[in-house]
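First comes the structure, then the notes that go with it.
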Amino acid sequence: MECDYCERRCRLGPDSFGYCKMYRQEGGRIVERFPDRWCAYGVSRVETIPFYHAWPGARCLVVGTSGCNFNCRYCANAEVVKVDPAGLADIMLDIAPEAMVAKARKHGCHAIVFAVNEPTVSLPTLARVAEAAKAAGIAMGCLTNGYGTPRSTALLGRIFSFVNVSLKGLASEFCVDYLSVPEAGPILRNIAALARVCHVEVTTPVIEGVNDQEMEAMADFLAGVRRDIPWHVFRLLPEYRMQQEHYPSIEALSAKVEAVKNRLDYVYFHNFIGSRWVNTHCPSCGAVAISRHSLGCGGDKLDTFFAAGGRCPSCNGPIALYGEHVAWNAKEATA
Amino acid sequence: MTLALLDARQWQQAVDLRSGRPSEAVSPLGGMVGDILARHPFPGDRDGGSNAWVTDTALDFVARYDPGFAFLAYAQQYYSSRYGALAPETRRKYVENAFAEAARFARESGMTTVLVGTGDLVPATTPIDLEDLDGLAVASNWCAHYAGLYDLSDRDRETLARHPHLERIVPRQEILDLFGGGPEDGGRLPDYMAVACRGGFFKGSSLRRLVMVPEPSAVIPVSQNLGPATSILDIRPRLLELLEAGNRVALALLEGVGCAEFQPPYTTCANGKDWFRYEPGDAQYLALSTGRHPIFEHNGGYRYYLDDGEHKPYPFSGYFKELPAGTIGEAYPGRSIAVGNRSMFMHVCTGCDVTCECFARNLYNQGLMSVIFRDDKMVR
Ligand code: SF4
């Protein structure tokens, strides 16, 4: 039986679990191998994940399962994502959807964000959490590689109201060499599809000399979907199989970011400590609408929110925001 | 203003430590510090060259700043053992390397170097699941042994009392009584503190599989050149005595090393009080540096994220919203430096004039951070 959660479309059987090792076939249906099992959770700022234009300032319960449908050379979470999920059984947490939502409330969180591994490999569990979260008035967001099938992408768009899609590269050679998938076509298709139904931000880890020459084409593609899609250009942190490689030059990449930044309303350059490219500027007049600190991959942080009501503090022009500014301890009183 | 210099490899940015905002301010030490950071890129917490980085960088500071006191931390063996299944031989080599690097520093700097092992590691054998409570359990990635418990129900209390892998459940009042605190000191203590059994750790707080965790040790080893010390709190006054006597002194912490692996002749000192023992971490650093138990402010069970709002000062200092007072660097009037491959603690816990530490979060190597607290001693 073919799995149609992602474009790998693996053949699944009772004992064959697909590339991600997270699904199997049972009685003519595709079922999760590890429903309601989580690798970790923690409290985090929404900017850390990163979302810069969704619920600014919100406290989130960040959660993850295990397994992935990609094999990125630079995976930052290889120790949980690249191991056989069955081998993590003793340290995984068994948390039912309602209990996960209760946990978010107890921690005073405004949202639950799936941000460790790929949500496509745990969609049924996430759909159940979303149902419970909706009843409790808790928003759901995720990071995704965007490689779902049209059916599962539609489901993803119903589960999550804010999504950050990783557009890692365009060229097929890059996709094969660095991600272990044949092409970026499904990802581009899904960015456009998700942008029609939920808030979308996009992240691109840039590797000097490998995918930096595609930055203009990526910016043009995103602008064709929506000019106000926030684009996070990441300086790649060489991890996993790239650990011995050079850190990309911030000076060289920042020049490339400067060259493309007028193609979109909101372009950021970060994932390194002290970045100066993390503030939101008004697309109309250039005034700072939201200022942030860049703590690198340790997590960015809201400094000051000036864009009350989604308007520029200087010219009153619109600032694209999904959700309102949320005070960090706003949910404590009702937790 | 206190200037912090961030080095993300071939790129540096100065920020105001308190506000976190980029700064154009100039410090007389800024050029020297920037050059040192650029000369010593950090190889990574678990890299075989990580402890050599501490020695090389500290020696560079010694050559250019001529401190009378140096606070050093060697942690590669700790990180590698915590997350990697090391063969005993490999672990032995890593520990030997930490001692060798501290010895190299002592030799080349000429400073009397006092070594302190921060406690033994034991295999992480027993995952403890507190997810089924009606109340809230708060554990953190870097504190395996203690969890804070809040809003417990009667059912929770019963479950916890019978839990086979919890050594004890301690009410807030008992912690206050043990450490001599009044009601006003309990604000950052949990309702109860859960203490894991030896080899136990709380599930769900670490993304990576834990292989070894702090014991944590009842006593820790201190090299005999310090003189007598019966408690971790005695280390600071003994160091200050040595400094007052005109010695140039370094304190080198060897992380995750206890009496079982300590090499030079040593004495032992109590690593806490009664049932409470420090894990290698911020509270232990502060106990060493201030000579006081900081448990009311810094304990494994505080809901640290409550303080992390958008107006929290010191955004580059993790959950610290103020820099602790009464540190050893503050008490010593001469020049001082702190260098270590333990993020954050060097600038938060030591009070030295100039601090330098890796900027790694959860082992992700993002570069270095140096903080210049005092730049007025150079002109003497
Ligand atoms: S979700 Fe997993 S099993 Fe399904 S097609 Fe993708 S990789 Fe294969």
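Per residue, the convex hull around the alpha carbon atoms of the range B:6-117 comes to 133 Å³.
Surface composition of the range A:35-271: carbon and sulfur atoms hold 52% of the protein heavy-atom accessible area at a 1.4 Å probe.
Rounded to whole numbers, the Karplus 3J(HN,Hα) couplings from phi for the range B:289-299 are 7, 9, x, 9, 6, x, 5, 5, 8, 10, 9 Hz, using 6.51 cos²θ - 1.76 cosθ + 1.60 with θ = phi - 60°, and x at Gly and Pro.
Computed with the Debye formula from one identical point scatterer per Cα of chain B, without solvent, the log10 of I(q)/I(0) at q = 0.09, 0.12 Å⁻¹ comes to -0.50, -0.90.
Each residue was assigned an accessible area with a 1.4 Å probe, and for B:TYR314 the value is about 30 Å². Peptide B:69-75 is shielded by partner chain Cβ atoms: per residue, an average of 0 of them sit within 10 Å of its Cβ. Within chain B, the longest run free of exposed loop sites, counting GluC sites (Glu not before Pro) that sit outside DSSP helix and strand states (H, G, I, E, B) and have at most 14 other Cβ atoms within 10 Å, spans B:25-321. Buried surface for the B/A pair, taken as the accessible area of each chain alone minus that of the pair with a 1.4 Å probe, is close to 4000 Å² in total. According to the Cα-based calculation, Rg over Rh for the range B:125-210 is 0.97, with Rh computed by the Kirkwood formula. The order of B:ARG104, A:ARG158, B:ARG21 by accessible area, most exposed first and with a 1.4 Å probe, is A:ARG158, B:ARG21, B:ARG104.
Cα axis of helix B:88-109 to longest principal axis of chain B: angle in degrees, 0 to 90, nearest 10? Between helix and principal axis, roughly 40 degrees. Loop-located GluC sites (Glu not before Pro) in the range A:235-306 (DSSP state not H, G, I, E or B) with no more than 15 neighbouring Cβ atoms inside 10 Å: A:GLU245. Scaled to the globular estimate 2.2 N^0.38 Å, the Cα spread of the range A:189-325, given as radius of gyration, is 1.07. Please list, by residue number, every one of the chymotrypsin sites (Phe, Trp or Tyr not before Pro) in the range B:29-88 that is coil in DSSP and has at most 13 other beta-carbon atoms within 10 Å. The qualifying sites: there are none. Modelled spin-label separation between B:ASP154 and A:SER180, with each label point placed 7 Å from Cα along the Cα-to-Cβ direction: 5.3 nm. Placing B:ASP35, A:ASP4, B:ASP307 in order of accessible area, with the largest value first and a 1.4 Å probe, yields B:ASP35, A:ASP4, B:ASP307. Size estimate for chain A follows the Kirkwood approach: the inverse of mean 1/r over distinct Cα pairs works out to 20.3 Å.
Note on A:LYS106: accessible area approximately 60 square angstrom, rounded to 10, probe 1.4 Å, nucleic acids and ligands left out.
The long axis of helix B:235-244 is offset from the longest Cα principal axis of chain B by roughly 20 degrees.
DSSP finds beta bridges in the range A:35-271, and of those with both partners inside it, around 25 percent are antiparallel. By DSSP, the beta bridges lying fully in the protein assembly as shown are antiparallel in about 55 percent of cases. State the answer as a single residue: which of B:ILE36, B:VAL222, A:VAL267 lies farthest towards the positive end of the charge dipole of the protein assembly as shown, with beta carbon charges of +1 for Lys and Arg and -1 for Asp and Glu, about the Cα centre. Working it through, the farthest residue towards the positive pole turns out to be A:VAL267. About the centre of its Cα atoms, the protein assembly as shown shows a dipole size close to 760 debye [charges on the beta carbon of Lys, Arg (+1) and Asp, Glu (-1) only; nearest 20 debye]. Over the Cα atoms of the protein assembly as shown, the radius of gyration divided by the Kirkwood radius equals 0.96; this is the Rg/Rh ratio.
The values are calculated or read from the model by the stated rules, or taken from the named source; none is laboratory data. Note that the structure is predicted; figures quoted are calculated from it, not measured. Glycine gets a Cβ as well: all are built from the backbone with ideal geometry, and neighbour counts include every protein chain shown. Note: accessible area is taken over every heavy atom of the protein model, side chains too, but ligands, DNA and RNA are not part of it. Shrake-Rupley method; radii C 1.70, N 1.55, O 1.52, S 1.80 Å.
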